[in-house]
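Structure record follows, encoded as structure tokens.
Laboratory data are not the source of any read-out in this text; all were calculated from the coordinates shown. Small disclaimer: the values here were computed from a predicted structure and weren't measured. A quick note on method: Cβ atoms are made from the backbone with ideal geometry, for glycine too, and the neighbour counts reach across all protein chains shown.
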Amino acid sequence: MAAAPGVALVTGGARGIGLATARRLGRDGWRVVVADPTAPPPDLAARHVAADVGDEMAVRALVAGIAQEEGRLDALVSNAGFMICKKLRELTLAEWSAVIATNLTATFLLVREAEAMLRAAKGAVVTVASTRARQSEPDTESYSASKGGLVALTHALAISLGPDVRVNCVSPGWIDTAGEELRAQDHAQHPAGRVGTPGDIAALIAWLVGPESGFVTGAEFVSDGGMTRKMIYAA
């Protein structure tokens, strides 16, 4: 019988892509730890830690707890993030800093604290950025900056931590995380023919932390149904 994959930490795992990833890894045999200020659904087979991953001391306590409780860390999925849509002239420095802390700085803090365990396990890190690292809508400066920084941080970490630890990035496009009512044209505009689901991203993450992606590191995987490859002109 094959050995279980190991221990995986998923941040922002209480809902959306993070929750789908935690569920997928659990089905694949991983022992999952979810870090999120909000509790995940009670049926999720994971240990929940209420933690603000943008806070240095909270991250230190989170990783120390994994070392004590699970004794190892084989995979880190740095998924936690949020967006503030606000006119540039109205965006405060505190709001900017909060987005950068959760969406970007958290990955630095998590990997720095977990480096020893990840190296010992010959583990893998997956960061969750966004196609907004490459293109924007108005009033998304803090979010776009954080996701662009995350893409760059990913390849920097891959070089610094290799060959012990692989580090890759997933950049989702439009993912229906809230079960919203979608129109036919919402699906049709995608070259893939539909809006994405959290399960689409979870499947890609599961592959990236698994053994079959062992020759992949420092890469960004765009999963957006082809939208960033589509030329769009005004009629």
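What nm distance separates the two modelled labels at residue 57 and residue 87, each placed 7 Å from Cα along Cα→Cβ?
Between residue 57 and residue 87, the label points sit 3.8 nm apart.
In whole Hz and in residue order, list the ³J(HN,Hα) couplings for the range 18-34 that follow from phi through the Karplus curve 6.51 cos²θ - 1.76 cosθ + 1.60, θ = phi - 60°; x for Gly and Pro.
Whole-Hz 3J(HN,Hα) from phi for the range 18-34: x, 5, 4, 5, 4, 5, 5, 5, x, 5, 7, x, 6, 8, 9, 10, 10.
Using 1/(1 + (r/R0)^6) with R0 = 25 angstrom and r between the beta carbons of residue 194 and residue 232, what's the FRET efficiency to the nearest 0.05? It would help to have the intermediate numbers written out before the result.
On the way: r = 18 Å, r/R0 = 0.71.
Calculated value: 0.90.
Taking GluC sites (Glu not before Pro) that fall in a DSSP loop and have at most 12 other Cβ atoms within 10 Å as cut points, what is the longest piece of the chain between them?
Working: sites that count: 180, 181.
Looking at the chain, 1-179 is the longest stretch - no exposed GluC sites (Glu not before Pro) with at most 12 other Cβ atoms within 10 Å.
Estimate the FRET efficiency between residue 67 and residue 27 by the formula 1/(1 + (r/R0)^6), using the beta-carbon distance for r and 22 Å for R0, to the nearest 0.05. List each step's numbers first, then the result.
Numbers: r = 25 Å, r/R0 = 1.15.
That gives a FRET efficiency of 0.30.
Summarise the long-distance tail of P(r) for the range 77-235 by giving the % of C-alpha pairs beyond 23 Å.
Details: 5387 of 12561 pairs.
Above the 23 Å cut-off, the range 77-235 has 43 percent of its Cα pairs.
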